[in-house]
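The values are calculated or read from the model by the stated rules, or taken from the named source; none is laboratory data. For clarity, every value in this text was computed on a predicted model and none was experimentally measured. All Cβ positions, even for glycine, are placed from backbone atoms using ideal geometry, and neighbour counts span all protein chains on display. Accessible surface areas use protein heavy atoms only, side chains included; no ligands, DNA or RNA. Shrake-Rupley method; radii C 1.70, N 1.55, O 1.52, S 1.80 Å.
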Amino acid sequence: MLQTIGTTGLAATAMVGLGGAAQASAAAGTVGTFWDQGGQVFNVMAYGATGNGTTDDTLAITSAISAAQGAGGGVVYLPQGDYLISSTLTITKGGTQIVGSGQNATRIKPSSSFLTGDVIAFSSMTGGSVRMLTIVGAAARTSGAAIHMATANEIYVQDVDLTNMYVGCQIDGTCILNYIDRGYWTDFSAGGTAIFVNTTGNDQYISNIVCSGGTGHAANLRISATGALWCHQCDFIGAENGLVIDTPEGSAITWCFFTDCAWDTCGDRCMLINPASGATVRGLNFENCWSSSAQNYDGCYIGGPVDGVQFVAHRFFNNGANGLIVYGPASNVFVDASGSSGNGLAHSGSAGMAFTGSCNGFAVRNCRVGPYAGFGTAGQTNGILVISGCDNYIITGNNTQGNATGISNGGGPTSVVTNNL
């Protein structure tokens, strides 16, 4: 089936069962030809959209969405252009896709009067996507998400750039199998968050996102609840705290896997893992990640009821206070083959790695805690610091040379500290 868009912007009648020559002849003299390969395509131009950036295209786009949903799903296609909107675009039926012509070609622009609420919302449905476009606010937004998945499953956000948003993507309710992949996100509003996950569901996937928003917004990635999450090859720059895990009482996070991710140049802390008393946080895994250049405080702060954090080949560099600090009752924190150097830039006397507040059951193994990879000691007076009240830990095979104090071991009797330099 071939659909053609004429020069008037109105959809021509679909042609079914025509041969190749007849199709070519029928399409002659038209512009914006769109091949439909097995599904339904709803071009917003056929519903009155202008894409000129000044005319309000909300009604035209919502009409195309309604038509797609009424047909049981399909592609709502936004050709190259700037689409001004003044209210939320809501999808409630599975199989509906919002597709542009590419990030540099198709732009959805919330108007200067539309500064609150979601831009695109998937609600109580399964199967949908937003792809190949940019969402850019006319002014700093004060609430809502660019793309909100509320009890919405199997939603794909792919090849989408964002600028001037309050929240980039929000996942909440009971959500399963949601994907956020490939995008360049900039200039979030003060207090905002690039990605906010707060779901009782599981299997959320985040990959290949570059977020550079300065230090005005609250977090690049905030996780309050999830049954399982994977985050891969992301570069999160700026924010007050880059990664925030702030599970409230009664909520849970279980099994999050972070690989090849960087949290860099944050205002306070690059990683803040501090769930409330009565929350459950289990199984956080960081492999080949980076939490460095926090301006005021720590590269990574862990406290509260956290059971099980693993750092493998992690870098804690160039932070204002400690590279890593762990407070009890957090337990079972393991650091392997990692580096912590050049910390204490704003607070002299800091440590490369510090364990305090009756923290138990941790291990530091085969790490370089001291001058490394071009970073010196700065205010990093202590290499590995263990405060009284900690117990049941292992510190072995580490090189702490170059600090004023390599290892300061003030913990309890049930510990092993051996074979360190």
Completion exercise
The FRET efficiency for SER277 and THR55, from their Cβ-Cβ distance with R0 = 41 Å and rounded to 0.05, is 0.20
Handout entry: Euclidean distance between Cα centres, region 319-351 to region 74-119, Å
Key = 43
Completion exercise
Taking a crude spin-label model, label points 7 Å out from Cα along the C-beta direction, the TYR184 to ALA67 distance in nm is 3.3
Handout entry: Å² per residue, accessible surface of region 289-357 at 1.4 Å
Key = 27
Exercise for the section: Compute the Cα gyration tensor for region 216-281, then decide on rounded, prolate or oblate, letting a ≥ b ≥ c be the square roots of its eigenvalues: rounded whenever a/c is under 1.5, prolate when a/b is larger than b/c in the other cases, and oblate in all that remain. Expected result: oblate
Problem - Calculated [θ] (222 nm, deg cm²/dmol) that DSSP helices of n ≥ 4 give over the chain, each run adding -39,500 (n - 2.57) - result: -1500 deg cm²/dmol
Practice task
Can you tell me the 0 to 90 degree angle between the C-alpha axis of helix 58-70 and the longest principal axis of the chain, rounded to 10?
Solution key: 90
Exercise for the section: Provide the percentage of antiparallel DSSP beta bridges, counting only those with both residues in the chain; round to the nearest 5. Expected result: 5
Problem - Protection proxy ranking, peptides 380-392, 95-107, 332-344, average beta carbon neighbours within 10 Å, highest first - result: 332-344, 380-392, 95-107
Handout entry: Computed label-point distance, nm, for sites ALA138 and ASN104 using a 7 Å Cα→Cβ extension
Key = 2.6
Handout entry: Segment THR174-ASP260, length gained on full extension (0.36 nm per residue, minus Cα span)
Key = 28.2 nm
Completion exercise
Expressed as a whole-number percentage, the relative contact order of region 234-353 with C-alpha contacts under 8 angstrom and at least six residues apart is 21
Problem - Set of region 261-282 residues, backbone N closer than 19 Å to the point 7 Å along the Cα-Cβ line of ALA363 - result: 282
Completion exercise
Rounded to the nearest 10 Å², the accessible area of THR55 using a 1.4 Å probe with every protein chain kept is 60
Exercise for the section: Using only the Cα atoms of region 86-131, build the gyration tensor, take square roots of its eigenvalues as a ≥ b ≥ c, and label the shape rounded, prolate or oblate: rounded if a/c is under 1.5, else prolate if a/b is larger than b/c, else oblate. Expected result: oblate
Practice task
Between ALA351, ALA46, ALA262, find the one with the highest GNM mean-square fluctuation for the chain; connect C-alpha pairs within less than 10 Å.
Solution key: ALA46
Fill in the blank from the handout: Expressed as a percent, the accessible surface of the chain that is carbon or sulfur, using a 1.4 Å probe and the full set of protein chains, is 50
Fill in the blank from the handout: Site GLU287, offset 7 angstrom along Cα→Cβ, radius 11 Å on amide nitrogen, limited to region 234-266, gives 257-260
Handout entry: GNM flexibility winner over the chain from ALA49, ALA373, ALA150 (Cα, springs under 10 Å)
Key = ALA373
Completion exercise
For TRP230, placing the label point 7 angstrom along Cα-to-beta-carbon and taking region 127-166, residues whose amide nitrogen sits under 18 Å are 153-159
Practice task
Sort the chain into rounded, prolate or oblate with this rule: let a ≥ b ≥ c be the square roots of the eigenvalues of the Cα gyration tensor; rounded if a/c is under 1.5, and if a/c is not under 1.5, prolate when a/b is larger than b/c, oblate otherwise.
Solution key: prolate
